[in-house]
1. Identify the trypsin sites (Lys or Arg not before Pro) of the range B:6-84 meeting these criteria: DSSP loop state and at most 12 other C-beta atoms within 10 Å of the C-beta.
2. Please state, as a whole number in µm²/s, the translational diffusion coefficient that the Stokes-Einstein equation yields for the range A:76-188 at 25 °C and 0.890 mPa s, with Rh defined as the Kirkwood radius across alpha carbon pairs.
3. Average partner chain C-beta neighbours within 10 Å, per residue of B:268-278?
4. Expressed as a rounded percentage, what relative contact order does the range B:71-218 have, with Cα pairs under 8 Å and six or more residues apart?
5. Given a cut-off of under 8 Å on Cα pairs at least six residues apart, what relative contact order in percent is computed for chain B?
6. Per DSSP helix of 4 or more residues, -39500 (n - 2.57); summed, then divided by the residues of the protein assembly as shown. What does that give at 222 nm, rounded to the nearest 500?
7. Can you tell me which of A:107, A:81, A:43 moves the most in a GNM of chain A? Springs connect C-alpha atoms under 10 Å apart.
8. DSSP loop trypsin sites (Lys or Arg not before Pro) in the range A:151-236 with at most 15 other Cβ atoms within 10 Å of their Cβ, which ones?
Amino acid sequence: MSTSDPAGDGLGLRGIHVAVPDGPGTRTLLDAVDLDVAPGEVLVITGSSGSGKSTLLAVAGLLRRPDRGEVLVAGTPTAELSERRRTALRRERIAIVYQSANLLPALTAREQLELVGHISGERRSQARGRAAQLLEELGLAGRADQLPAKMSGGERQRVGIARALMARPTVLLADEPTASLDGALSAEVAGLLAGEARGRGLAAVIVSHDDAPLAHAERHLHLAGGALKAITTVAG
Amino acid sequence: MFLALRDLRRMWRRFALVGLVVGLVAMLSTVLTGLADGLVRDGTSGLRALPVTHLAFAPHSEAVFSRSTIDERSLAKWTRVPGVEASPIGVSFVNAASTDGGPSIDLALLGVSPGGFLADRSDARPPAAGLPGLVLASELRDEGVKVGERYRIAGSDLTLPVLGFTFAGSYGHVPIAFTSLATWRSISYGNDARGRFSAIALRVPADVDVAAVDRAAGTETKTKTEAYDGSPGFSAETATMTLIRAFLLVISALIVGAFFTVLTVQRTRQIGLLKALGASSGYVLRDGIGQIAIVVLAATVIGAAAGAAVIGLLDGGPVPVELSIGGVLTSAALLVLTGIAGSLVAFRRITKVEPAIALGVEA
């Protein structure tokens, strides 16, 4: 299922196949999935629970290797890369926003962002400055020194988005980013995520089983039976 | 260690239990080190105080004075070696009963020659000079022994006066008494001494071929430190203490290893997240093992300090202890190293965590 920019700075999946053990046999989660996401494009993938959405995201984010197929990140084929090189590519090009933010409980909002800089070897002062700027941009300047336990769900998710942007990625992946939020907050976070992705020219894939992100997407795909079955142009 | 330090600061309760256990092990290990050093001191302080570098024993006596008998011919061989000072010494254990109502005492009796360098010691000079009498370790004064009191030496017909007290230390945990070599011989051999004594006290320059002189003299020479092994109970005591301390180190390593393994299992998702953020396994390992190293180090320092305080309290009492900075530091360093080694059991578990776990996906 291919659209635009197959070889550019975006994300490309080619013939992705993933099967998982299921009792005595296996169950196919992704079957010959093709996908291209262009820079600045926001794609929403919906599907029922257990349909393989998160697995698709894990493959696209180089968190796991597919059984077959190729993932192109900013035009770089990754199937033959060593684990070390895949880690480096993930660090340099890909960021993920998680369900319930997945923040580290011992770190303040500012430190969640600084950690990303620390992992990539960025100078402390520079990482600190960028973290402060990102928190400011996302309306979190006043919460910079708060631990996750003291934040609301919406704040945690915004910190999660800021942490993802801290990596200066070209590919942004989001796993059920609004699942733990109520109606208005859900729409706000979805809008923020899509707006930041579009504004920074990131190839963004949001998997979701709720409708909140749909209003902000260029495309909507539905994952069922291991294949991306429906494509709907929502916005753009 | 960006995450490790902040985790320690804000989630310190998680580490309190393992820190407490490691601290208690460090304290116990330090106290045992003090006891071991105290036992060594108590068993060999008299030997250590002797102004000798070596002791020549009879062959196969393994530095045990009671197994060694030397005669004047061997002494003469040693005396003729240029630069070597050699003096006969007799060592035996006796019981002395006061004839003046004083306490009965056990003594490590050292017979020294009036012509030898051992008699240069002021504490050894009066008895070595030929006056029949005893100069006792000063600890015996605290037990009620007085100068002028007379003591009958068990197993002989001799009754000797106490001439004075000095710091003589002890040997085999028995207080030392100096007497003349002639007096010692009459106690040990009666009228049949035939010039015999226990060993030859030596001051040997570094360039002397000790083995060659041994062959010529028919002796078996030990350095002063090697001669500690011959002190009664010395080997068994040090081996027992070493074994207990080794067990403590193993226990500590197992505790730290078990704790870190459980912590790693609890943090599987967090480790996956760090890897998903682009952290290498090396980064995660440095963070985790660095964190446990800080906990073990801090707990060990506090525990060792507490142990040193306990030794300080015990010092001067009936239990022989010695606060040796080197011993405490070595014990603490070993504990830190084995603790960190214990944490390495989680090494493989950390490296095997897949980043996909951050998304709740099995790799």
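Quick note: the coordinates plus some simple rules give every number you see, no bench work behind them. Being a predicted model, the structure only gives us computed values, none of them experimental. For neighbour counting, all protein chains shown are included, and Cβ atoms are generated from backbone atoms with ideal geometry for every residue, glycine included.
1. Sparse-neighbourhood loop trypsin sites (Lys or Arg not before Pro): B:80.
2. Answer, rounded: 168 µm²/s.
3. Mean shielding by partner chains, rounded to a whole number: 6.
4. 32 percent
5. 28 percent
6. Only helices count here, giving -14000 deg cm²/dmol.
7. Most flexible of the set in this elastic network: A:81.
8. Within the range A:151-236, the qualifying trypsin sites (Lys or Arg not before Pro) (loop, at most 15 other Cβ atoms within 10 Å) are A:200.
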